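Quick notes on the structure that follows.
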Amino acid sequence: MRAEIREEVELIRPLDKLERESKLDLLAWIDSGAELCRLEKPATPPKHLISYFAVVDDDHLLLVDHINAELWLPTGGHVDPGEHPRDTALREAEEELSIEGEFLKEGPIFVTVTETVGKTAGHTDVSLWYVLRGDRKVDLDFDDSEFHEVRWFHKNDVPLDRTDKHMSRFLQKLYDD
């Protein structure tokens, strides 16, 4: 599985120096043989792999008001041991939004390394950002134990002051690509 994840990460074209450094950090971490997956909540090991997935409908992006992070975020979750991050995105789409995920792009388009904030602050999330097809006309049955609400935002109206610190760079990459 480690080799498959590495191959997918290799295909990411960095937007900028920060993403290039994040990609190199992730590749070195994969090659180190260290555990990539969270084994115990909230942070064992203290660095673990996450699959974010942006649900997109044209120029709109679905974000969730995440209870623990206290931010508007793309949906996502921790990669389980033995699971490919792509499969994590599809599993989490079903679990958190009750949708069958369909990739708009086959692999992740963005990678970030971030210290967490909010109620579970203090560990490092290494996030692969995937893009799934969305439909703003469909009512979503979301996991209210994880999210206060879910909302579609026009790409120009994403609350950048209360979201992932890399969101503006992600939006640039998503919509300028």
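Here, each number is a calculation from the coordinates, and none is a lab measurement. Given the structure is predicted, the values throughout are model-derived calculations rather than measurements. Cβ placement follows ideal geometry from the backbone for every residue including glycine, while neighbour counts extend to all protein chains displayed.
Numbers for the structure displayed
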| read-out | value |
| --- | --- |
| Nonlocal Lys pairs with alpha-carbon distance under 20 Å, the chain (8 or more apart, or different chains) | 16 |
| The stretch 82-170: translational diffusion in µm²/s, Stokes-Einstein, Kirkwood Rh over Cα pairs, 37 °C, 0.692 mPa s | 222 µm²/s |
| Fraction of beta bridges assigned by DSSP in the stretch 2-176 that are antiparallel (%, nearest 5) | 70 percent |
| Residue (of Leu71, Ser51, Leu36) at the positive-pole extreme of the stretch 17-102, dipole from beta-carbon charges | Leu36 |
| Cβ crowding within 10 Å averaged over residues, with 107-114, 131-138 ranked highest first | 107-114, 131-138 |
| Label-point separation in nm, Ser168 to Asp57, each point 7 Å along Cα→Cβ | 2.8 nm |
| C-alpha long axis of helix 85-97 to longest principal axis of the chain, angle in ° | 30 degrees |
| The stretch 25-105 - Debye-derived log10 I(q)/I(0), Cα point model, q = 0.15, 0.19, 0.27 Å⁻¹ | -0.61, -0.92, -1.35 |
| Radius, Kirkwood style, for the stretch 2-176 when every pair of distinct Cα atoms is counted (Å) | 16.2 Å |
| Förster radius 22 Å - calculated FRET efficiency between Glu70 and Glu4 (Cβ-Cβ, nearest 0.05) | 0.05 |
| Listed peptides 153-162, 70-79, 140-149 by packing density, highest first (mean Cβ within 10 Å) | 70-79, 140-149, 153-162 |
